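Below: one structure, written as C-alpha cells.
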Amino acid sequence: MDVRPLDVYDVDASDPLSRLVVRAGMAEADVRQVGRVMAALAALREAEQRLAEASQRYMKLNRNDMRALHYLIAAKNRGVIATPGAIAEHLGISTASTTKLLDRLERGGHVTREPHPTDRRALAIAITPETHEAAVATVGRQHAKRFHAAARLTREEREVVIRFLEEMTADIASGAEAWAQPEDRSGRP
C-alpha cells in the first residue's frame, strides 16, 4: 500500500466545503498551485523556527536577547548609538524589561554600557566584539542565504514576491479578531 504524507495545506484537506476559501471560478490547477504556495510558506516558517531555536541554543540566549543583539549589530553597522530606549522600542517591551534584558546580556559578556557621548541622561549600548563575531559567523551566515535566494530572482519576480508578502502580511495583520486578543481577567465588561 502506498502511504503518502497528508498534505495539510491542500485546501480540500482544510476546507472541503468551501466555508472559508471561495474557489469558485478557479481552475483546479490554480487551486493546487495556491496549496503549494501555502506549503512552501509553512516550510519556510519551520526552517526559520529551527534556525532561531538553533541560534538561541548556540548563543545561549532567548528570542528577545537575539533580537536585541541583531538590533545592536545593525546600529553599529549604521553608525547609530543604541540606547536602552531605542532597544525597548524596537523590541516592543517596557523599559523595566529592557533593563533586565540588558543586565542579563551584560552579565553574559554580550553587551557593554557606556555613558552616551552627547546625552548625559542616556547610556550607549554596544555589542561586544566576541558576541558580534559569533553572531556573524553563525546566525548571520545563515541569514545571508535569504539574500542569495532573493538575488537569484529577476527584478520583476522580486516585485511579485514583495507584493505577495506585503499583501499577505496586511491581510493577516488586519484582523484584530476577538479570539486572538488576550482575555480581560479584570471582570470589567
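Odds and ends about this structure:
- Each residue in the range 99-144 was checked for being of a type in the set (Lys, Arg), in a helix (DSSP H, G or I) and modelled with pLDDT of 90 or more, and 3 pass.
- Ala75 meets all of the listed conditions (1) closer than 30 Å to Pro129 by Cβ; (2) loosely packed, with under 11 Cβ neighbours inside 10 Å but one, namely (2).
- Boolean, Arg57 is under 19 Å from Ala124 (Cα atoms) and either at pLDDT below 90 or more than 21 Å from the chain's Cα centre (by Cα) (or both): no
- Boolean, Ile93 is at pLDDT 95 or above, hydrophobic (A, V, I, L, M, F, W, C) and in contact with a helix residue (DSSP H, G or I) (Cβ under 6 Å, 6 or more places away or on another chain): no
- Pairs meeting the criteria (first residue in the range 6-20 and touching a residue at least 12 places away in the same chain (Cβ under 8 Å), second residue part of a loop (DSSP other than H, G, I, E, B) and among the basic types (Lys, Arg), beta carbons under 7 Å, at least 6 apart or on different chains) are Val11/Arg23.
- For the range 3-15, the condition of being aromatic (Phe, Trp, Tyr), on the phi < 0 side of the Ramachandran plot and part of a helix (DSSP H, G or I) holds for none of the residues.
- Ala42 small (Gly, Ala, Ser), at negative phi and buried (at least 17 other Cβ atoms within 10 Å of the Cβ): no
- Output for the range 150-159, where each listed residue is within 25 Å of Leu51 (Cβ to Cβ) and either surrounded by 11 or more Cβ atoms within 10 Å (Cβ to Cβ) or among the basic types (Lys, Arg) (or both): Ala150, Arg152, Leu153, Glu157, Arg158
- Qualifying residues in the range 20-52 (those that are part of a loop (DSSP other than H, G, I, E, B) and modelled with pLDDT of 90 or more) - the one nearest to Leu165 (Cα to Cα): Met26
- Gly85 part of a helix (DSSP H, G or I), surrounded by fewer than 15 Cβ atoms within 10 Å (Cβ to Cβ), modelled with pLDDT of 95 or more and touching a Ser or Thr at 6+ places or on another chain (Cβ under 9 Å): yes
- Verdict on Ala96 being over 21 Å from the mean Cα position of the chain (by Cα), farther than 18 Å from Gln56 by Cα and assigned to a helix (DSSP H, G or I): yes
- Subset tally (residues that are farther than 18 Å from Met38 by Cβ and either among the charged types (D, E, K, R) or modelled with pLDDT of 65 or more (or both)) for the range 160-189: 12
- Hits in the range 45-72 (condition: without any contact (Cβ under 8 Å) to a residue 12 or more places away in the chain and exposed (fewer than 15 other Cβ atoms within 10 Å of the Cβ)): Arg45, Glu46, Ala47, Glu48, Gln49, Arg50, Glu53, Ala54, Arg57, Asn62, Arg63
- Of all the listed residues (Leu20, Leu101), the sole one being farther than 19 Å from Arg146 by Cβ and surrounded by 13 or more Cβ atoms within 10 Å (Cβ to Cβ) is Leu101.
- The residues on offer are Ser55, Ser14, and the sole one that is under 30 Å from Arg104 (Cα atoms), hydroxyl-bearing (Ser, Thr, Tyr) and touching a Leu at 6+ places or on another chain (Cβ under 9 Å) is Ser55.
The values are calculated or read from the model by the stated rules, or taken from the named source; none is laboratory data. No experiment lies behind these values; they were computed from the predicted model shown. Positions of Cβ are generated from backbone atoms using ideal geometry, with glycine treated the same way; all protein chains shown enter the neighbour counts.
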